[in-house]
Amino acid sequence: MLWLALASLTVLCLAIGTAFAKLDRANNAEEILINSINDYLPQTQCAQCNYPGCRPYAEAIAKGEADVNQCPPGGEATIHALAKLLGRDALPLDTAYGERKAPQVALIDENVCIGCTLCIPACPVDAIVGSAKLMHTVIASDCTGCELCIAPCPVDCISLVPKQHEVSAWQHPAPGTVHRKES
Amino acid sequence: MSGALTHNRLGVKRLKTSTIMSSVMLALIPGSILMVYWLGPGVLMNLTVSVLVAVACEALCLRCRQRAITPMIADGSIVLAAWLLALCLPPAFPFGPLIVGTLAMCVLGKHLYGGLGQNLFNPAMVGYAVLLVSFPTAMTTWTQPGELTAFNDTANWGSWWALKWHGVSSLGGSWDAITQATPLDHLRSLERQSLIVDVDALHSPPWRALSLAWLAGGLYLLVRGIIRWHIPVAMLVAAALTHLAYRFFFPEYSLPLLPALFYGALMLGAFFIATDPVTAPSSVRSRLCYGAGIGVLSMVIRTSSNYPEGVAFAVLLMNATTPLLDRWFVLDKRL
Amino acid sequence: MNHTDIHPLSGGLALSVPTNAHIDATLHTAPLAPQLYLPLVDYSRTVLQPNVTLGQSVLAGQSVARGIIAPSSGTITAYIEHSWPHPSNTQVPTLVLQSDGQDRFIPIDHVHPLERIEAAAVHGLGGAGFSTAAKIRKACEFGRPTLVVNAVECEPGIACDDALMQQQPRAVLEACRSLIELLGVYSAQFAIEDDKQLALNALQACEPEQYAVDIVTLPVIYPSGAEAPLIQRLTGIALEYDQRAADVGVVCLNVATVLSIHNALQGRPAVDRIVSITTQDLHHSINIRTRFGTPVNALMTFAASINPAIATALQQNSSTITVGGPLSGFQKTLDTSPILATTNALLVGPADPVPTPSACIRCAECTVACPVNLLPQELYTAAVTEDIDTANRYLLDVCVLCGCCDLVCPADIPLTSWFRFAKDAKRQRQQEQTAATLARARSDNHNERETRRAQEKAEADAARRAQAAQRKESAADIKAAIARAKNRRPRS
Amino acid sequence: MNDWLLILVSAVFVNNFVLVQFLGLCPFMGVSNRISSALGLGVATTFVLTLAASLSYLLNQYVLQPLSVEYLRIVGFIFIIAVVVQFTELMMRRRSPLLHQVLGLYLPLITTNCAVLAVALLTTQQDNTLFSAMWQGFGAAVGFTLVLVLFAAMRERLDRTDVPKPFQGAAIAFITAGTLSLAFMGFAGMT
């Protein structure tokens, strides 16, 4: 009698298993998830999270290979947003991937630049303008400060300067904090 | 204040947190005096010990969190909570458990959540619930009004003091004649045996007068604008309706409406405990819903669970729903 | 006279100026300051490019940058970083105009009235500083809008509109009529508070019905001066969080703005405004018509010379003044920062000590006081934890920063400062997000271009390699041909 | 009619599975940091519980008892619950991938959720019909979801309070859950 019950249970298992396998066709769930993660990333494409850009990092998070605290430019805001979105706990920023720096912009020293166009393809957001043997310059408003253009430059004429804010970026400071949440 | 001028220069009538707390304490005085007069100096002892322990505990907690102590204690929020807790305890309640309850109220109920304004549960009710669950016998032995209450008789004070420190057993057998369940317990046991209840016998003066005193204090607060009418009115109406519903569905509950409202802690709960602004919701509709919830739950717990008084549990339960109520009725004035 | 019924305003406070305050309603005119400072910053604080050069002499009303005109004739002597009346205490690029005292005006002879208003650079004088031409153009698109002339004072202690109506009632009514003709509406609703009796009598004396203006007296509730509450009181429409007055077909213009529109249509550019100077205890207040760009300290010395109370207040506290009203004003050091279209009042004298805030007990007094139906204590919690999404859910944008919640808060919490902080944090986050989406788009097509280029390069390499391989076989043939040639021809 | 109501009230309030019988605590603590995920898990658990309660009742009534192999009860019930949970997970992956990502581990964890197994075991022991078994399962799940959503709303507000550093996160959540179960003791002895 026991063998009969066990046999029937295993047969039932196999039947239901194949039915579910057919049901579980790939769908574009992954795609929606990756896009919603990518929306929260700062899009500096700086590859400090040792993925070649923000979208690959988002794919890694979706697959669970990467954690939410590997993005220094995003800082606490991105970590909290991703933790809230994915229901994971918001770990502090992992400084092995780099510190969170104040917004900075690349600046080409015009008397040193030889016009070799090596930095132009290196810039992930096409913020450097220039052509062969002619002066190059960085479009300050487009530059995300990702420091990827510094390495390829043979003459090291690119330096990083803090982004100087015009008066429109000024913000009212928070008043005297009363029982501010201990971070 | 962000603007250059403070309120008094612009003719704006405004209360400060300390004035809110002190006027609530003012409204508590008539009821407390009546209670001490009817139930003996035990209540007064409860009150003083509870307030002292609460203030000391708050100072200690603020010290640990490196926060300024004097302004916090000056606004009197912990004194008010201790006062409310003491009013809910029987006069013969020993000191040991009283200190435990006050510490639970101060630490568990308030400072673990970050101090004034951030606790989720009403501190006094947390203290009361902890005591009710850990010291059930001591919490339910109330002395008979009029017994051992003569102030002038110093012997009385001695026996109270002994009673307080060593608990009931210290006074030998004769003690049982003195302690007696509250009218509600008495009523419940009669109902359980479904006997016809003789209401007048139960209508002993002190309980009804006590509730009237709380009602008077509550109306004073309403007139002064310290509390808004939504919670107390919703609570009392809902309690009355539930009581009538019980009488309609279960005919053996024959207690008429008015005594049902005036026994127990409904009045004290409606005007002083439920209206604690920190743990109550903030928009109009959610407050009505909150008050109604407390009213229904306290009546349901009072009549059909084994605890004599349901207001404490009802308040704790509805405090749990406050965050959800605040989220649903987000902008009820605008929607 | 008052046939439109007033809709109730949920919230707001009945503020009262001290009863024995005496408001000096005579309209003084400040002397033309030798040096005028013109900050080249527009409404949303973006820096503008000057279209005049150093040393160039300009006439009054001539444009020096987009939307900014010279307040008097003279020569541009400098283009420097100079302080301006703004809470940020920052320096902005400013043109310094050395006035030559002749005050020669440039004629405004544009045909279309809207171009005249634009040429005259008329800005809202109520305190917000919108460009009036844009406001009117948007309203005209709406077909027949309702015109509301807002003569309600922004805050207690400011009396510039009150003085204007008492001194020049007829000019005000004519201005209303010319605006009615411009907008093609039947009548204008002239909103005024019922405690401004002198102004009301002055207006009644000139029979406003002739000018198709019906005067609506409102009981005094602060902040009816702000656009959203005023529209709710007059029309009962509560603006949704993303609506402006023009979206519901209402043009709401300050009475001084209406007058400067009228002057612009007559060809006189908007070069000055009435500034109300009040002592901090609101007991003494005077109104001075001042040219834009006049340095504040020059205006103060002139005001002190007229009114002794202002002089004593200035002695008590000569270092800082409050720019704006008693509720929404901000502290500013008394320096040469210029008077702009948005500086409607200056408070002089020692400010009240700011009480230290204590914890919020969620008593919801602020919810009752809020004139635009918000939940300030939820906004406060969201602002303290910098949680912009929750702040959006509680409609942070609708807050008009009137300060009612500050006044009634039993814990003295600076709620309005927290809301300013939250609004700026939200605006900065939106700027970051737009920059991020642009960066994302650029990086997407960068990657796509690089991969395409790499592909093309790979195909080109493959093709070249294939050719090289062919050439290799042809090389073998060549070698064979050379060998054949070598052994056919004996060495000579 | 009123005994259906009585069953519901007793399952939701009097002996609530989480706060009175202390069953299903790990999802209660794990998923309650956001209301939307709490609601998601609540609905999923309700679906699983109702189906599992009725199926286990059928299994017990028509398979285990006739074959008198009651000792296989635990294996059989866990098998049914696993099947139903896997089915819910598939549906959820298709319907709302984000919620599926947020629930993550806690969705398959419903299989090992002691509340679900407890309901299956309890309903089969008492002598009741198929419908009353399903109704008890549904009541238990409604109780679980109600308390979960309430607790999620409280924890969201706790995130914004200035809780002392050592108590932040799970510690204050446990204290709050303790106080909440203290409050639920008020219903003791009701039915």
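The values are calculated or read from the model by the stated rules, or taken from the named source; none is laboratory data. Everything quoted here is computed from the prediction, not taken from an experiment. For neighbour counting, all protein chains shown are included, and Cβ atoms are generated from backbone atoms with ideal geometry for every residue, glycine included. The protein model used for the area step is the full one, side chains on, heavy atoms only, and it has no ligands, DNA or RNA in it. Shrake-Rupley method; radii C 1.70, N 1.55, O 1.52, S 1.80 Å.
Could you estimate the translational diffusion coefficient of the stretch C:58-115 from the Stokes-Einstein equation, with Rh from the Kirkwood formula over C-alpha pairs, at 4 °C and 1.567 mPa s, in whole µm²/s?
100
For chain A, what does the helix formula give at 222 nm: sum of -39500 (n - 2.57) over DSSP H segments with n ≥ 4, over the residue count, nearest 500 deg cm²/dmol?
-10000 deg cm²/dmol
Between Rg and the Kirkwood Rh of the stretch C:94-134, both from Cα atoms, what is the Rg to Rh ratio?
Ratio of gyration radius to Kirkwood radius for the stretch C:94-134: 1.07.
Please work out the Cα convex hull volume for the stretch B:1-131 and give it in Å³ per residue.
Normalising the Cα hull of the stretch B:1-131 by residue number yields 117 Å³.
Work out Dmax and Rg for the stretch C:365-427 from the C-alpha atoms and quote the Rg first, both in angstrom.
Calculated on Cα positions, Rg and Dmax stand at 10.3, 30 Å.
What is the calculated FRET efficiency for A:Gln171 to D:Trp4, with r their C-beta to C-beta distance and R₀ = 51 Å, to the nearest 0.05?
The formula returns an efficiency of 0.30 here.
Cα-based Rg of the protein assembly as shown per 2.2 N^0.38 Å, rounded to two decimals?
Output field value: 1.18.
Whole Å is fine, so just give me how far the alpha carbon centre of the stretch A:63-138 lies from that of the stretch C:179-227.
Here the two parts' Cα centres lie 58 Å apart.
When ranked by the protection proxy of mean other Cβ atoms within 10 Å per residue, highest first, what sequence do the peptides B:17-24, C:446-453, C:155-162 form?
C:155-162, B:17-24, C:446-453
For peptide B:318-325, how many partner chain Cβ atoms fall within 10 Å of a residue's Cβ, on average?
6
Based solely on C-alpha atoms, express the radius of gyration and the Dmax of chain C in angstrom.
Both quantities, over Cα of chain C: 31.8, 132 Å.
Using only alpha-carbon positions, what ratio does the radius of gyration of the stretch C:380-464 give when scaled by 2.2 N^0.38 Å?
2.02
Could you compute the net charge surrounding D:Ala170? Neighbours are other residues with a C-beta less than 13 Å from the C-beta of D:Ala170; K and R count +1, D and E count -1.
Net charge around D:Ala170: -1.
If you average 1/r over all unlike Cα pairs in the stretch D:126-179 and invert the result, what Kirkwood radius do you get in angstrom?
13.3
Sort B:His243, A:His80 from largest to smallest accessible area, using a 1.4 Å probe on the heavy atoms of the protein chains.
The ranking, largest first, comes out as A:His80, B:His243.
To the nearest whole number, what is the average tally of beta carbon atoms from other chains within 10 Å of the beta carbons of peptide B:278-287?
Whole-number average of other-chain Cβ neighbours for B:278-287 is 3.
Could you state, as a whole-number percent, how many of the C-alpha pairs of the stretch C:155-314 are farther apart than 25 Å?
Tail fraction, whole percent: 39.
At a threshold of 8 angstrom on Cα-Cα distance, excluding pairs fewer than six apart, so keeping six or more, what relative contact order does chain C reach in percent?
18
Which of the GluC sites (Glu not before Pro) across the stretch A:12-90 are loop residues per DSSP, with 10 or fewer other Cβ within 10 Å?
A:Glu65
For q = 0.09 Å⁻¹, what log10 I(q)/I(0) does the stretch A:1-142 give under the Debye formula with an equal point scatterer on each alpha carbon and no solvent?
The Debye formula, applied to the Cα set alone, gives -0.48.
Based only on Cα atoms, what mean projected area does the convex hull of the stretch C:281-329 have, in nm²?
It is 3.7 nm².
So what is the orientation-averaged projected area of the stretch D:27-117, using the convex hull of its C-alpha atoms, in nm²?
Mean orientational projected area (the stretch D:27-117, Cα hull): 5.6 nm².
Around C:Ala256, with a cut-off of 12 angstrom between Cβ atoms, what is the net charge of the other residues, counting Lys and Arg +1 and Asp and Glu -1?
-2
Restricting things to alpha carbons, find the Rg to Rh ratio for the stretch C:331-392 using the Kirkwood radius for Rh.
Ratio of gyration radius to Kirkwood radius: 1.10.
For every other residue with a beta carbon closer than 10 angstrom to the beta carbon of C:Thr29, add +1 if it is Lys or Arg and -1 if Asp or Glu, then tell me the sum.
Within the 10 Å Cβ shell, the charges total +1.
Relative to the compact globular guide of 2.2 N^0.38 Å, what is the alpha carbon radius of gyration of the stretch D:66-118, as a ratio?
This ratio for the stretch D:66-118 stands at 1.38.
Tell me the mean residue ellipticity at 222 nm calculated for chain C from its helices only (DSSP H runs of n ≥ 4, each -39500 (n - 2.57), averaged over every residue, nearest 500).
Taking each H run of at least 4 residues, the total per residue is -12000 deg cm²/dmol.
Bin by bin, in steps of 5 Å, what percent of the Cα pairs in the stretch B:207-323 do you find, going until the bin that has the longest distance?
Here the calculated profile for the stretch B:207-323 is 2, 13, 23, 25, 20, 11, 5, 1, 0.
Taking 7 Å along the Cα-to-C-beta vector as the label spot, tell me the A:Cys116-B:Arg67 distance in nanometres, rounded to one decimal.
6.1
What distance in nm lies between label points placed 7 Å from Cα along the C-beta direction at C:Gln91 and D:Leu58?
8.3
Rounded to the nearest 500, what is chain D's calculated 222 nm mean residue ellipticity when only DSSP H runs of at least 4 contribute -39500 (n - 2.57) each, over all residues?
Dividing the helical sum by the residues of chain D leaves -22000 deg cm²/dmol.
Cα centroids of the stretch C:427-445 and the stretch B:32-55: how far apart, whole angstrom?
Between the Cα centre of the stretch C:427-445 and that of the stretch B:32-55, the gap is 65 Å.
Taking a quarter of the surface of the convex hull around the Cα atoms of the stretch C:424-492, what do you get in nm²?
7.8
I'd like the FRET efficiency for C:Glu450 and C:Tyr79, computed as 1/(1 + (r/R0)^6) with the beta carbon distance as r and R0 of 56 Å, rounded to 0.05.
0.80
Which of the chymotrypsin sites (Phe, Trp or Tyr not before Pro) found in the stretch C:109-204 are loop residues per DSSP with 10 or fewer other Cβ atoms within 10 Å of their Cβ?
For chymotrypsin sites (Phe, Trp or Tyr not before Pro) across the stretch C:109-204 that sit outside H, G, I, E and B with at most 10 neighbouring Cβ atoms in 10 Å, the list reads C:Tyr186.
Any chance you could list P(r) for the stretch C:147-208, counting all Cα-Cα pairs in 10 angstrom bins from zero, rounded to whole %?
Pairs per bin, as whole percents: 22, 55, 22, 1.
Efficiency by 1/(1 + (r/R0)^6): what FRET value for B:Val233 and C:Gln266, r their Cβ-Cβ distance, R0 = 41 Å, to the nearest 0.05?
Result of the calculation: an efficiency of 0.10.
Using bins 5 angstrom wide from zero, how does P(r) for the stretch D:77-191 break down, in % of all Cα pairs?
P(r) for the stretch D:77-191, in whole percents per bin: 2, 9, 13, 17, 19, 16, 13, 8, 3, 1, 0.
Other chains' Cβ within 10 Å of A:47-56 residues: what's the mean?
Mean shielding by partner chains, rounded to a whole number: 1.
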